[in-house]
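Take a look at the structure set out below.
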Amino acid sequence: MEQFETRVQDELLRLCTSAGMLGGKLLASDDIDNQWNKLAPEYMADAVPQVKDYPTVSVAWAAYLGMAVAWGWDTDWTLYSQDAYTDYYGPAGFDDMDEHIVQNVLGLPLDGYEAKSLEGIIRRCGEMAVSLIRREQIEPQSTMAFHVFARACRVMFRIGAAIELKRLGYKFEKIN
């Protein structure tokens, strides 16, 4: 599992870096990473039933969730760390979580260049994650398939958070 998760993270980091959305390193915070542990059970309950018909969406929406959590971490972590999973829902629940987060959390117009760029890279990351899952040739609907899917979702969450942290101006700098 660890090797699979590392491979997915490395591939998505490479993809996002080549697209100019990240700078070669995964920006992260323990606070944000730990929030995945709080939100993951409900996310997985929403995402798993979507896998058959919408495999890319089922994994990709975790990136939007990561972006929202990173935004909250930067804005007022004391307040936003208390958000329940359903606070990230759009009017249609899980189905429009992506648009709700982009428009109402990040404050970006859905038809704007930045929102379209985010949608494009998250879609590409989701497609790559699904492809990497399929390469594992694991029996569908097995316990192992669930665990591989969960690891891919966690990576997508971390990628989304990193993209938002970069968008907010965070970067690694060498300190003397």
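The values are calculated or read from the model by the stated rules, or taken from the named source; none is laboratory data. All figures in this text were calculated on a predicted structure; none of them were measured in a lab. Glycine gets a Cβ as well: all are built from the backbone with ideal geometry, and neighbour counts include every protein chain shown.
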### Task
For the range 56-89, enumerate the residues that are touching a residue at least 60 places away in the same chain (Cβ under 8 Å), touching a Gly at 6+ places or on another chain (Cβ under 8 Å) and more than 11 Å from F157 (Cα to Cα).
T56, V57
### Message
Suppose the filter is touching a helix residue (DSSP H, G or I) at 6+ places or on another chain (Cβ under 7 Å) and either among the aliphatic types (A, V, I, L, M) or not in a helix (DSSP H, G or I) (or both); does A45 pass it?
### Response
no
### Query
Looking at L12, L26, which is the one that is outside any helix (DSSP H, G or I), hydrophobic (A, V, I, L, M, F, W, C) and surrounded by 14 or more Cβ atoms within 10 Å (Cβ to Cβ)?
L26
### Task
List the number of the failed condition for K171; all other conditions in (1) closer than 24 Å to D33 by Cβ; (2) surrounded by fewer than 19 Cβ atoms within 10 Å (Cβ to Cβ); (3) within 17 Å of the chain's Cα centre (by Cα); (4) basic (K, R) hold.
(3)
#### Entry: Test for V48: is it among the β-branched types (V, I, T) and either crowded, with 22+ Cβ neighbours inside 10 Å or within 22 Å of D10 (Cβ to Cβ) (or both)
no
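Yes/no matrix, rows are residues, columns are (1) modelled with pLDDT under 90; (2) aliphatic (A, V, I, L, M); (3) more than 26 Å from K25 (Cβ to Cβ):
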{"position": "V130", "(1), (2), (3)": "no, yes, no"}
{"position": "Q137", "(1), (2), (3)": "yes, no, yes"}
{"position": "S142", "(1), (2), (3)": "yes, no, yes"}
{"position": "G160", "(1), (2), (3)": "no, no, no"}
{"position": "E164", "(1), (2), (3)": "no, no, no"}
{"position": "L168", "(1), (2), (3)": "no, yes, no"}
### Query
Looking only at helices (runs of 4 or more DSSP H) that fall completely inside the range 74-176, which ones have 2 or more residues that are of a type in the set (A, V, I, L, M, F, W, C)?
113-135, 143-167
### Query
If R135 satisfies every condition in (1) within 18 Å of K52 (Cα to Cα); (2) among the basic types (K, R); (3) surrounded by 12 or more Cβ atoms within 10 Å (Cβ to Cβ) but one, which is the exception?
(3)
### Task
With respect to W36, determine if the residue is surrounded by fewer than 21 Cβ atoms within 10 Å (Cβ to Cβ), aromatic (F, W, Y) and either at pLDDT 95 or above or not in a loop (DSSP other than H, G, I, E, B) (or both).
yes
### Of residues in the range 90-104 being touching a residue at least 24 places away in the same chain (Cβ under 8 Å) and on the phi < 0 side of the Ramachandran plot, the one surrounded by the most Cβ atoms within 10 Å (Cβ to Cβ)
I101
### Query
Which pairs have Cβ atoms under 7 Å, sit 6 or more apart or on different chains, and link a residue in the range 108-135 that is among the acidic types (D, E) to one that is surrounded by 19 or more Cβ atoms within 10 Å (Cβ to Cβ) and part of a helix (DSSP H, G or I)?
E127/T56
### Query
Only one of these conditions is not met by P41: (1) modelled with pLDDT of 95 or more; (2) surrounded by 15 or more Cβ atoms within 10 Å (Cβ to Cβ). Which number is it?
(2)
